[in-house]
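> Okay, here's the structure, questions in a sec.
Please treat every number below as a calculation from the coordinates, not as lab data. Since the model is a prediction, treat every value here as computed from it, not as a measurement. Reconstructed Cβ throughout: ideal geometry from the backbone, glycine too, with neighbour counts over all protein chains shown.
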Amino acid sequence: MKNLDYYGFLQISPYADPDTIHRVYRFLAARFHPDNPESGDAEMFCLLRKAYDVLSNPASRADYDAACLLEAPEAVPLSTSIDFMDNLEGELNRRLAVLALLYIQRRTNPYAPEVPLSEVERRMGFPRDYLDFTTWYLQKKGYITRGDNSDFTLTATGVDFVEAKRVSLPVLNKLLTGGSGPAAADSVVANRTPTFSGKPIIVPPALEYADDRRSGKKDRRVGEPDRRADTTDRRLNTSDRRVNTRDRRARKSDRRATD
């Protein structure tokens, strides 16, 4: 099991938080447990336990991530296959290379889409002094942003540009799909051989952890007196103004008489 990819087995990001790891584990444990007559699998359950034991412990997870970095093949600099030195074409290629690097990072690691300048320099095999104009232009166009820690991130506008232009720009398409491009070593997990290749896992939300605002709350309607009960009818015991009322017309002389 040397090449077992625990993240790929659980189908989670290498940056997944402990709660996500625990929730996915519980879901898969119910599926693969040998007592499950429909989908039980003793071998898969043992692998699941091993993956969870490593990733749920911060120390063992750090050791596992470090081992993955050592086993990952070193990426070949892009400058060995793409011209970055020509005055105009080289500058255009540099822009496309930066966009491709950030695009792949955004796609493969959506929870950590930032790429340090040092990583861009290393992957491109190009001095950072020559990337100032490139990154300035891409920022002004709104394709990338730069954080306070100097890390670059691809924006939604940058994603739209890459996806719209990759077919019409051969260099960009090569960077995204070619064996020498950034896609060849876009992440540690992508370069490892996953053991589990079943259907995508759809883990339901953790409803048991959701706060029910109604739980433990007092029903305002309980124990309250019904204002309608035993209410005195205002009309009861009230004299009817119409009863024993003297007819003002009685004993009145008819003015029309004697006229």
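> What fraction of the Cα pairs in the range 78-186, stated in percent, has a spacing above 22 angstrom?
21
> Moving to a separate point now. Please rank Lys140, Lys174, Lys50, fewest neighbouring Cβ atoms within 10 Å first, as an exposure proxy.
So the ranking, lowest neighbour count to highest, is Lys140, Lys50, Lys174.
> Just need the relative contact order of the range 78-186 here, percent rounded to a whole number, with Cα pairs under 8 Å and 6+ apart.
Details: 132 pairs, mean separation 32.6, N = 109.
Relative contact order comes out at 30 percent.
> What is the magnitude of the charge dipole of the range 78-186 about its Cα centre, with +1 placed on the Cβ of each Lys and Arg, -1 on the Cβ of each Asp and Glu, and no other charges, expressed in debye to the nearest 20?
Values: 13 positive and 14 negative charges, 54 e Å.
I would put it at about 260 debye.
> Grab the other residues whose beta carbon is less than 14 angstrom from that of Asp86, score K and R as +1, D and E as -1, and report the net. Working shown, then result.
Values: positive: Arg94, Arg95; negative: Asp83, Glu89, Glu91.
Around Asp86, the surrounding residues sum to -1.
> Say R0 is 41 Å: what FRET efficiency, to the nearest 0.05, do Ser150 and Ala62 get from their beta-carbon distance? Mind dumping the intermediate values first?
On the way: r = 25 Å, r/R0 = 0.60.
Once the sixth-power term is evaluated, E becomes 0.95.
> Another question, if that's okay. In a shell of Cβ-Cβ distance under 13 Å around Pro58, excluding Pro58 itself, what net charge do Lys and Arg (+1) and Asp and Glu (-1) give?
-3
> Tell me, Met44, Met124, Met85 in order of fewest to most beta-carbon neighbours within 10 Å?
Details: Met44 19, Met124 24, Met85 12.
With the sparsest Cβ surroundings first, the list reads Met85, Met44, Met124.
> Based on the Cβ-Cβ distance of Asp132 and Thr20, what FRET efficiency does E = 1/(1 + (r/R0)^6) give at R0 = 30 Å, to the nearest 0.05?
0.20
> Could you line up Asp65, Asp17, Asp129, Asp5 from fewest to most neighbouring Cβ atoms inside 10 Å?
Numbers: Asp65 15, Asp17 11, Asp129 8, Asp5 19.
With the sparsest Cβ surroundings first, the list reads Asp129, Asp17, Asp65, Asp5.
> Where in the range 132-148 is the amide nitrogen less than 20 Å from a point lying 7 Å along the Cα-to-Cβ axis of Val159?
138-147
> In whole angstrom, how far apart do the alpha carbon centroids of the range 1-45 and the range 116-138 sit?
One Cα centre to the other: 39 Å.
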